[in-house]
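Asks: Submitted below is the structure of interest, expressed as structure tokens.
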Amino acid sequence: MRLSVFKPIACASFLVLPIITHAAEETLLEEVVVTATLRPQSLQDVPSSVTVLDSQTLKDAGQQHLQDVLGLVPNLNWSAGTSRPRYFQIRGIGELDQYQGAPNPSVGFLIDDIDFSGLGGLATLIDVDQIEVLRGPQGTAYGANALGGLIKIKTREPAPVYELSTEVGTATYGTSSLGLVAGGPVSIGGSESAFRLVAQKYRSDGFIKNNFLGKDDTNGFDETTLRGKARLDIGDELKLDISGLYVNQDNGYDAWAIDNSRITRSDNSGRDAQCSKAIDAHATYKGWAGLNLESITTYADTNQVYNFDADWGNDQFWLSPPYSTAYNYFSDFLRERITRSQEFRFTSKNEAKKKGDLAWVSGLYVMNSSENYKDSEFSGSPIPYVVDSAYSATNTAIYGQVDYKFSDRSVVSFGVRDEYRATDYSDTEGTAFSPDENLVGGNISIEHDLSDEHNLYATISRGYKAGGVNIGQGIEDNLRSFSKETLWGAEVGDRGWWLSKKLSTDVSLFYMKRIGEQVVSSLQDSPTNPARYVFITDNANHGINYGVEADINYEAKNNLDFFSTVSLLQTHIYGYQRPRTTEVVDGREQAHSPKYQFSVGADWHSPSGLMARIDVTGKGSFYFDTSHDQISSSYQLLNAKVGYESDKYAFYLWGKNLLDKNYAIRGFCFGNEPPDWSPKLYLQKGDPRQIGVTGSWKF
């Protein structure tokens with residue numbers, strides 16, 4: 001949920017109102033700062049819809065992964081087909097999968113400064129300071145990778161205070177975790193120089209039993225997280241932040257069953273592994289009069305292995321009635337992506353705080369992303385069907401934003417970004433292309449303080465996403481390429497306080513028009529081969545997305561807080577013809593765009609150290625895909641946690657999906673059952689009920 005300008009000291013999930021802590025009759029309020037904007041900015045001053053989940057919220061509501069807290073963010077959905085959420089949709093905009101090369105994400109995903117768009121599986125939560133979600137096109141700040149919005153995970157910064165802590169946990173389904181955090185001052189530079197090290201190992205069986213192999217861990221998790229950060233205080237004028245990341249997720253992928261149950265029959269259980277190594281160097285120089293300089297340099301190398309039993313069975317199963325057909329397919333996808341980026345950002349020393357103030361940001365950004373991709377299909381023949389591809393894209397952008405405070409209570413902002421994108425692609429099918437595009441985005445907004453307790457904003461923005469080429473065997477010439485998409489968005493919002501700041505409301509309304517909306521359809525090339533799929537991106541005439549997001553929160557007595565959020569979404573596609581058919585989609589809702597999402601609950605933190613939290617999250621039905629008209633069911637999940645916290649240690653008993661609801665997070669409709677291979681809806685299920693305990697100690 002969206003946090004307002006003040007972050008609670010002991011907060012409920014996505015709390016908007018400030019929590020007031022009484023200590024010696026002193027009121028203590030902590031400001032929430034959004035770092036995903038071009039310059040760190042108080043949330044109260046951001047003229048757009050933003051969610052901030054702070055570290056206390058993540059500790060209360062999360063366990064291991066971003067997946068645990070996605071239900072707390074309005075109008076944020078995700079598609080499965082993987083062991084962890086990797087593909088996100090914000091306000092209905094985003095990818096559903098990436099089975100082909102030439103990545104082109106619609107939702108940006110950052111860990112600190114490092115771009116992992118389309119690789120969200122590595123989002124473990126240990127030692128995370130906050131998660132920021134910016135909704136709507138980020139055309140000025142992030143350009144082509146953030147048409148629908150941006151998710152940023154901000155890890156905790158080093159502090160010159162010695163720290164050593166550990167966290168252990170265990171839960172049902174063979175779940176265990178062990179984490180360690182260490183930090184403290186270093187002797188290099190000034191008084192703020194410090195380091196921080198984080199390590200965690202997490203394992204779980206993964207909620208699936210494979211009857212054929214006699215195993216219960218073919219869909220399991222084996223995740224290792226290592227992070228290191230150092231802050232070097234090199235005098236009063238220069239500071240250098242260096243961080244390194246290593247995340248190795250060697251997870252299984254055996255999530256599909258012919259009868260849509262949690263009992264699989266695969267003879268070749270799959271794997272969903274991702275190993276990412278990255279480094280980030282962020283230098284800030286303040287020695288010039290009138291401006292500051294930031295240099296942000298990143299490098300990331302990710303290897304992925306993604307494979308699965310495409311027929312979801314075994315020889316004995318398929319040769320038995322009613323099938324009685326030899327049937328064996330396996331799909332394997334190997335991907336290596338390397339990204340390199342360099343950004344120089346110039347910011348004015350002053351901010352627009354009083355009437356007549358002018359503040360500005362300008363910069364130069366260059367990112368190269370290269371990817372090698374290998375798609376192999378095994379169908380029992382001695383020689384598998386293999387496609388190798390190589391892809392490279394270089395984005396070069398200049399951008400600027402000006403903020404002007406034209407009255408005591410009003411600020412107007414204007415931003416623009418000019419981005420040039422050059423790409424090269426080739427594969428063993430003979431496909432080759434090198435398109436270049438010039439893309440322009442930006443925003444104009446106004447923020448007005450009606451009073452000290454009410455803030456209004458309005459924004460008009462333009463986002464963009466580059467075009468590309470469809471790859472694979474047998475794609476028709478008229479479907480080989482697709483054009484860019486441009487998005488125009490308008491948003492108005494109000495953040496208000498009531499009842500002596502006991503009650504807060506935060507409401508935003510938005511409308512977006514997607515010109516040349518990019519739509520992905522999947523086609524089964526051979527009706528008797530579940531592994532032979534092509535994924536085709538094409539342009540609709542346009543799309544419309546509009547809705548509302550609202551938070552209502554109340555601080556009761558005795559450290560009890562009630563929180564709620566609701567988001568409503570309407571989406572439509574106009575003028576889209578499904579490939580290889582005469583069917584025209586005109587007015588239908590976009591895929592993975594639930595009409596509503598909500599969260600409601602309560603959070604209690606006693607001065608004695610006892611705590612309790614309960615929440616219900618839910619979402620409405622949505623179309624699984626554009627290729628067919630199959631719809632999910634709405635569902636609600638009940639989660640809870642109780643525990644005891646002190647300065648040195650904490651213990652928690654927690655439960656997720658306590659009512660053990662059966663719900664689907666991904667659906668495909670195709671033929672996978674001989675002898676007639678009639679199309680049928682197959683579902684990947686969400687996690688069942690899980691109970692666990694966690695303890696942490698500070699030394």
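No lab work stands behind these numbers, since they all come straight from the coordinates. Worth saying up front: this structure is predicted, and the values here are computed from it rather than measured. Neighbour counts run over all protein chains shown; Cβ positions are idealised from the backbone, glycine included.
Asks: Return the whole-Å distance between the Cα centroid of segment 561-602 and the Cα centroid of segment 72-114.
Replies: The two parts, judged by their Cα centres, are 15 Å apart.
Asks: Right, next: For segment 494-613, what is the relative contact order in percent, using Cα pairs closer than 8 Å and at least 6 residues apart in sequence? Please list the in-between numbers first.
Replies: On the way: 252 pairs, mean separation 24.8, N = 120.
Result for segment 494-613 is 21 percent.
Asks: Determine the alpha carbon to alpha carbon distance for each of Lys59/Lys557; Lys286/Lys405; Lys154/Lys286; Lys239/Lys465 and list only those over 28 Å. Working shown, then result.
Replies: Details: Lys59/Lys557 22 Å; Lys286/Lys405 24 Å; Lys154/Lys286 23 Å; Lys239/Lys465 35 Å.
Table pairs above 28 Å Cα-Cα are Lys239/Lys465.
Asks: May I pose another question? Of the peptides 592-598, 646-652, 111-117, how do they stack up when ordered by the mean number of other Cβ atoms within 10 Å, highest first? Intermediate values should be presented prior to the final figure.
Replies: Values: 592-598: 20.4, 646-652: 13.6, 111-117: 22.6.
So the peptides 592-598, 646-652, 111-117, ranked by packing, come out 111-117, 592-598, 646-652.
Asks: What does the helix-only formula give at 222 nm for the chain: each DSSP H stretch with n ≥ 4 adding -39500 (n - 2.57), the total divided by the residues, and the result rounded to the nearest 500 deg cm²/dmol? Before the final figure, lay out each step's value.
Replies: Values: 2 runs with 11 residues, N = 699.
So the calculated ellipticity at 222 nm is -500 deg cm²/dmol.
Asks: Taking Cα centroids, how far is segment 264-279 from segment 635-699 in Å?
Replies: 19 Å
Asks: Rank-order 42-54, 269-281, 226-238 by packing density, defined as the average count of other C-beta atoms within 10 Å over each peptide's residues, highest first.
Replies: Details: 42-54: 23.5, 269-281: 19.9, 226-238: 16.7.
Per-residue Cβ counts within 10 Å, averaged per peptide and sorted highest first, yield 42-54, 269-281, 226-238.
Asks: Let me ask something else about it. Quick check for segment 586-699: number of Lys pairs with alpha-carbon distance under 30 Å, counting only pairs 8 or more apart or on different chains?
Replies: So the count of such lysine pairs works out to 21.
Asks: Count charges around Pro85 for me, please; just the other residues with Cβ under 13 Å from its Cβ, Lys/Arg as +1, Asp/Glu as -1. Numbers along the way, then the final one.
Replies: On the way: positive: Arg84, Arg86, Arg666; negative: Asp68, Glu95, Asp97, Asp272, Asp687.
Counting the neighbours of Pro85, the net charge comes to -2.
Asks: Residues with beta-carbon under 15 Å from that of Ala602, excluding Ala602: net charge, scoring Lys, Arg +1 and Asp, Glu -1? Numbers along the way, then the final one.
Replies: Details: positive: Lys502, Lys557, Arg613, Lys641; negative: Asp60, Asp551, Glu555, Asp561, Asp603, Asp615.
Cβ neighbours under 15 Å give a net charge of -2.
Asks: Can you give me the relative contact order of the chain as a percent, contacts being Cα pairs under 8 Å and 6 or more apart? Present the calculation step by step, with values, prior to reporting the outcome.
Replies: Details: 2141 pairs, mean separation 76.1, N = 699.
With pairs under 8 Å counted, the relative contact order is 11 percent.
Asks: Quote the FRET efficiency, to the nearest 0.05, computed for Ser606 versus Thr297 with a Förster distance R0 of 41 Å and r equal to the Cβ-Cβ distance. Kindly include the intermediate steps, with their values, before the conclusion.
Replies: Values: r = 46 Å, r/R0 = 1.12.
The computed FRET efficiency comes out at 0.35.
Asks: Straight distance only, please: which aspartates and glutamates reach the Cα of Lys152 with their own Cα at less than 13 Å, same-chain residues fewer than 8 apart left out?
Replies: Reachable aspartates and glutamates: Asp54, Asp112, Asp113, Asp115, Asp129, Glu132.
Asks: Subtracting the Cα-Cα distance from 0.36 nm times the residue separation, let me have the gained length for Phe699 to Ala432 in nm, one decimal.
Replies: Values: separation 267, 0.36 × 267 = 96.12 nm, distance 5.80 nm.
90.3 nm is the gain from fully extending Phe699 to Ala432.
Asks: Can you tell me the relative contact order of segment 241-337? Whole percent, Cα pairs under 8 Å, sequence separation 6 or more.
Replies: On the way: 202 pairs, mean separation 26.6, N = 97.
Averaging sequence separation for qualifying contacts and normalising by length gives 27 percent for segment 241-337.
Asks: Go through 354-362, 70-78, 599-607 and give me the packing order, highest mean Cβ count within 10 Å leading.
Replies: Numbers: 354-362: 15.2, 70-78: 25.8, 599-607: 19.3.
Packing order, densest peptide first, comes out as 70-78, 599-607, 354-362.
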